[in-house]
1. Average projected area of the Cα convex hull of segment 112-205, in nm²?
2. Gain in length, residue 68 to residue 338, computed as 0.36 nm per residue apart minus the alpha-carbon separation, to one decimal in nm?
3. With r as the distance between the Cβ atoms of residue 202 and residue 101 and R0 = 30 Å, compute the FRET efficiency 1/(1 + (r/R0)^6) and round to 0.05.
4. Rg to Rh for segment 416-547: what is it, with Cα atoms only and Rh by Kirkwood?
5. So what is log10(I(q)/I(0)) for the chain at q = 0.09, 0.13 1/Å, when the Debye sum runs over its Cα atoms only?
6. To the nearest 20 debye, what charge dipole does segment 241-329 have about its Cα centre, counting +1 at the Cβ of each Lys and Arg and -1 at the Cβ of each Asp and Glu?
7. Got the relative contact order for the chain handy, in percent, Cα pairs under 8 Å and 6 or more residues apart?
8. Report the label-to-label distance for residue 505 and residue 172 in nanometres (one decimal), using points 7 Å from each Cα along the Cα→Cβ vector.
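Computed from the coordinates by the stated procedures, all read-outs in this text should not be read as laboratory data. Because the structure is a prediction, the values reported are computed rather than measured. Note that we place each Cβ from the backbone using ideal geometry, even for glycine, and neighbour counts take in every protein chain shown.
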Amino acid sequence: AVAEVKLRDDQYTLDHMRAFGMYNYLHLDSWYQDNVYYVDQFGRVMNLSVTLDTALQKPREVFRLPTDLTAYDDRLCASIHFSSSTWVTLSDGTGRLFLIKSGKRGNSASEKWEIVFNEELGSPFIIAHSVSFVKSDTHSVAVLLLRVEKDELDTKGSAFHITLEWVTIAEISKEGDHRYEIFKRRVLQGKSVPHYAAIEPNGDGLMIVSYKPFKFMQDEDNKLEENDYAETTNEKKDPLYYWQQTEDDVTVTVHIPQDITKDDIKVHFSPDNISVTLKDQPHLMEGKLYSSVDHESCTWIIRENKSLEISLIKKNEGTRWPELIIGDTRGEFIMDSSQCSEITESLMHLTSEVMNPNPEKENPPCNAQELEECDAFLEDSASLCRFDGDTLKVTHVINLGSNQYLFSVVVDPREMPCFCLRHDVDALLWQPHSDQPENMWEHIATFNALGYVQASKQDKKFMACAPDYSYAALCECLRRVFIYRQPTPLSTVLYNRKEGRQVGQVAKQLVATLEANDPILGFQATSERLFVLTTKTLFLIKVSSGN
């Protein structure tokens, strides 16, 4: 049977339930078609692969955990992540991490799992994600470990916090001896289990979707980094500069020390950048401007009140700049009264004193009473953050607002996992591209009405979709599996009598009921099949595109 680990009495929070109670015990090896793995009660990693159309081979043992798991009271479930086509990360749930060289999997002839790194890394964790990469001729594997830990300082909340530990293991050659050792350990801390956490393919950054923010901590003592303290004190300081704008120009005012003369100031303008230096100090202001300027017409002067005034002439007249220097939050924008009234007027059409000023209109605005109970979800709104691996700073934050996170799926194992968000009634699939700053999140597929349909499934446990987007699926805690196909063209003509229009395509919804009384523990989708795991049975549902 599957090595299911039930929640203990001291694991009572919603975060424990999300992280461990809703754990997916079935692991899909995205590098090899239709290959799934689970860990059984003897600590054996069992592989099942599809040979013929739906013929499953007998479970095949590929590895056995050396730990006697029954001896541990506080262990979590064992977890697996396939870092590449030949590397696997594995945890036994006791706090030990194994790095395994597996050979080419999916073929018993070349597959041989051997441990190259095996170390105790503190309290029990589950593996959230891992990647394998080569940088300057050194092979490394980066792993993300998830823990829910007691928080002695938290007296008002749940008394727990979540940590994500980012561990990098690198190959080290000493006198011809090749070994794998820990190269870096960094810890992030937050107050909610992330919906999504993944390391970028080159190991340079990290993306997290979570309800509460995560922050890097300093070493093992989990002290706040000094620069975090600096940031919080900086927040109380006056802005470094103030700026105003009109249709044609931008005026920046910077306060300068009393002893600075005109000769001490260097201001450099270029079409897209600005830099301001005082004496021999580092740049006071420097960076890319929000939009281009006519740099030859830009000027600066020193006012009597010891302030430096810089005038920038906009190249694109009429464009309103939301910020002066991209990413620089040290300035404060001052709006004059005429701009305030302009903006208020432009927003007037969005507001009204009356709840529904024109009820005769075809589509009256939706009000909260019309929202069904299933449309409201627990969390206010989640955020998507990207962290830089070198500076440990957040480089991007996107507030997802009402775009509820639904599930993640690996479309291409060489890329980061995709995540699916609810957008109104639909569900949209997004592929992160860490190497494309201009197109960091690409919309790659849409599942029509899935956002609405899944909201009504109160008992849903897992959601997934095919890597070729041909269908999406969800399962309840017991027995039932729902499959939602993408619309396909009809062979015969269908009329919608009510609207008098012809319907060219139809999307089918299928329901499968499993002959099992055990709860569903694992759920994975491939392009043609759904794998559903209960304690003692693995079900295979064929979802061919033809019927």
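1. 7.9
2. 89.8 nm
3. 0.90
4. Checking Rg against Rh, the ratio lands at 1.02.
5. The calculated log intensity ratios at q = 0.09, 0.13 Å⁻¹ are -0.84, -1.35.
6. So the dipole magnitude of segment 241-329 works out to roughly 120 debye.
7. This gives 9 percent for the chain.
8. It is 5.5 nm.
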